[in-house]
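The values are calculated or read from the model by the stated rules, or taken from the named source; none is laboratory data. Quick caveat: nothing in here was measured; it's all calculated off a predicted structure. Note: ideal-geometry Cβ built from the backbone for every residue, glycine included; neighbour counts use all protein chains shown. Surface areas here come from the heavy atoms of the whole protein model, side chains and all, with no ligands, DNA or RNA. Shrake-Rupley method; radii C 1.70, N 1.55, O 1.52, S 1.80 Å.
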Amino acid sequence: MGTLDGPGVRTVVFFGGCPLRCSYCHNPDFWKVDTDDKITVDELYNKVERFTPFHGENGGVTVSGGEPLSQPAFLRSFFAKCKENGIHTTLDTSGFGNAKNFKDVLEVTDLVIFDLKEPDPFEYPKLTGVVKRVSDEFVAAVQENNNPMWIRTVIVPGKNDTFEKMDEIAREVNKLKNVLKVQLLPYHTMGTSKYKDLGLEYQLEGVPAMSKDKINELYAYLQSKLDIYQNI
Ligand code: SF4
């Protein structure tokens, strides 16, 4: 259960598998699909349905990961089943997947939480290990399908904690329609031990957690630059 990954109280489902390698990722154990941990759409739906009494008026189900777009057919079937049964669907995604599947998934998605990893196309691959073009195509598909969006960016000390980066984010977001909310998520160091356990190198070794004061300052500045927060 979660209260941050979409409106209201939500059942959050984590899909295994992710083609990105974000330097701040705290779920490296989700990068590879655990092929022993399979479930059918009906089995997953039945698990989620048990929690619907907790969803209240505006809660629902959120699919996160990993990268859910790595399993588009399953995602579409699961969301379609949720929607048939009146459950609100939220997709938390980096937008990386096969573009030919975007429409099918978006048709059964009530809200997209888009992780805007990095607005600069030259910096984006350094952070994520993949090109930005794919997530741009995803955002274009979201715009065409008119899905409401929340947008999130993780802020890492010494990497993107600058007012210039907030300007870049604002420029990117102000081009979009249907944006309901923009959030900055503070980088934290929980999860770094997983890298040791998995025998992986952690790229942000020694980088401290993001300070609350600094992120509040950046967020206030960002809000002043975002069209959606003017005149409210
Ligand atoms: S998209 Fe998410 S799960 Fe994948 S590497 Fe980045 S932070 Fe980790």
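Looking at 117, 126, which one is surrounded by fewer than 22 Cβ atoms within 10 Å (Cβ to Cβ), at pLDDT 95 or above and basic (Lys, Arg)? Even if it seems obvious, please write down each step before you answer.
Working: 117 fails: surrounded by fewer than 22 Cβ atoms within 10 Å (Cβ to Cβ).
Unique residue meeting the criteria: 126.
Residue 154 - would you say it is within 18 Å of residue 18 (Cβ to Cβ), in a strand (DSSP E or B), open to solvent by less than 60 Å² (accessible area, probe 1.4 Å) and within 16 Å of the ligand (Cβ to nearest atom)? I'd like the intermediate steps shown before the answer.
Values: within 18 Å of residue 18 (Cβ to Cβ): yes; in a strand (DSSP E or B): yes; open to solvent by less than 60 Å² (accessible area, probe 1.4 Å): yes; within 16 Å of the ligand (Cβ to nearest atom): yes.
Taking the combined requirement at face value, the residue satisfies it.
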Qualifying position, being within 16 Å of the ligand (Cβ to nearest atom), among the charged types (D, E, K, R) and open to solvent by 40 Å² or more (accessible area, probe 1.4 Å), among 159, 175, 181: 159
Qualifying position, being in a helix (DSSP H, G or I), open to solvent by less than 30 Å² (accessible area, probe 1.4 Å) and either touching a helix residue (DSSP H, G or I) at 6+ places or on another chain (Cβ under 8 Å) or within 16 Å of the ligand (Cβ to nearest atom) (or both), among 108, 48, 63, 112: 48
Some residue of the range 12-20 being under 16 Å from the mean Cα position of the chain (by Cα), closer than 24 Å to residue 177 by Cβ, buried (at least 21 other Cβ atoms within 10 Å of the Cβ) and among the hydrophobic types (A, V, I, L, M, F, W, C): no
Cross-chain or 6+ apart pairs with Cβ under 6 Å, the range 8-33 first and over 10 Å from residue 65 (Cβ atoms), then within 9 Å of the ligand (Cβ to nearest atom) and open to solvent by 50 Å² or more (accessible area, probe 1.4 Å): 21/129
